[in-house]
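S.K.: Sharing a structure with you now.
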Amino acid sequence: MTPGRPPDNPSERAPGGRFTIRNVGGVALATAGLDTSGVWWGTTEVGALVTVAGFTIATWALFTRRHWWAGAALASATLGTLVLVPYWVAAHAAGETTPWFNVLIHLLGCAGVFLLLLTPRLRAWVDRHVTAGR
């Protein structure tokens, strides 16, 4: 074992768990034998990728001060909400134990985008904070 470097042997590591991107992400990505094939999963995957791409474009447009950034963000939030339907069907059919929790978290995120961009006062707050960095 080298000082300043974590031990290679698991028995030499300090006892107790810790949360890291690596172990939390590993748990999140583990499907535990769930069947993720089929039309419902495929629709979910494509919809999720398009949603993330839309939010990426909206973020770029926001910081480059394009006038259409809010429309792109709202379209992405709408698509993200719609994608939850095939996700729920696919996850439930595959035996996912808590699809409702994933749907809830994503709905809250989409609701936050709608609230932020459809409430004039909050939208003005976003605009002021972004344009303040000129």
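The values are calculated or read from the model by the stated rules, or taken from the named source; none is laboratory data. On a predicted model such as this, the values are computed, not experimentally measured, just so you know. Cβ: placed from backbone, ideal geometry, glycine included. Neighbour counts: every protein chain shown.
S.K.: Is it the case that R128 is closer than 19 Å to R65 by Cα, free of Cβ contacts under 8 Å to residues at least 40 places away in the same chain and of a type in the set (K, R)?
M.R.: Details: closer than 19 Å to R65 by Cα: yes; free of Cβ contacts under 8 Å to residues at least 40 places away in the same chain: yes; of a type in the set (K, R): yes.
In short, yes.
S.K.: Kindly indicate whether T31 is under 30 Å from L117 (Cα atoms) and either among the hydroxyl-bearing types (S, T, Y) or at pLDDT below 60 (or both).
M.R.: Working: under 30 Å from L117 (Cα atoms): no; either among the hydroxyl-bearing types (S, T, Y) or at pLDDT below 60 (or both): yes.
Judged against the criteria, T31 is not a match.
S.K.: Moving to a separate point now. Name the residues in the stretch 43-70 that are assigned to a helix (DSSP H, G or I) and hydroxyl-bearing (S, T, Y), would you?
M.R.: First, pick out the residues of the stretch 43-70 that are assigned to a helix (DSSP H, G or I): 43-63, 69-70.
Once the filter is applied, which keeps residues that are assigned to a helix (DSSP H, G or I) and hydroxyl-bearing (S, T, Y), the stretch 43-70 yields T43, T44, T51, T56, T59.
S.K.: Run down G71, G80 and say which single residue is surrounded by 12 or more Cβ atoms within 10 Å (Cβ to Cβ) and in contact with a Ser or Thr (Cβ under 9 Å, 6 or more places away or on another chain).
M.R.: Exactly one of G71, G80 is surrounded by 12 or more Cβ atoms within 10 Å (Cβ to Cβ) and in contact with a Ser or Thr (Cβ under 9 Å, 6 or more places away or on another chain), namely G80.
S.K.: Return the total of residues in the stretch 83-134 being among the aliphatic types (A, V, I, L, M), within 18 Å of G47 (Cβ to Cβ) and assigned to a loop (DSSP other than H, G, I, E, B).
M.R.: 1
S.K.: Considering the stretch 34-52 alone, what residues qualify as being loosely packed, with under 12 Cβ neighbours inside 10 Å and either at pLDDT 95 or above or on the phi > 0 side of the Ramachandran plot (or both)?
M.R.: Of everything in the stretch 34-52, just one residue is loosely packed, with under 12 Cβ neighbours inside 10 Å and either at pLDDT 95 or above or on the phi > 0 side of the Ramachandran plot (or both), namely L49.
S.K.: Determine whether G80 is modelled with pLDDT of 95 or more and either part of a loop (DSSP other than H, G, I, E, B) or on the phi < 0 side of the Ramachandran plot (or both).
M.R.: yes
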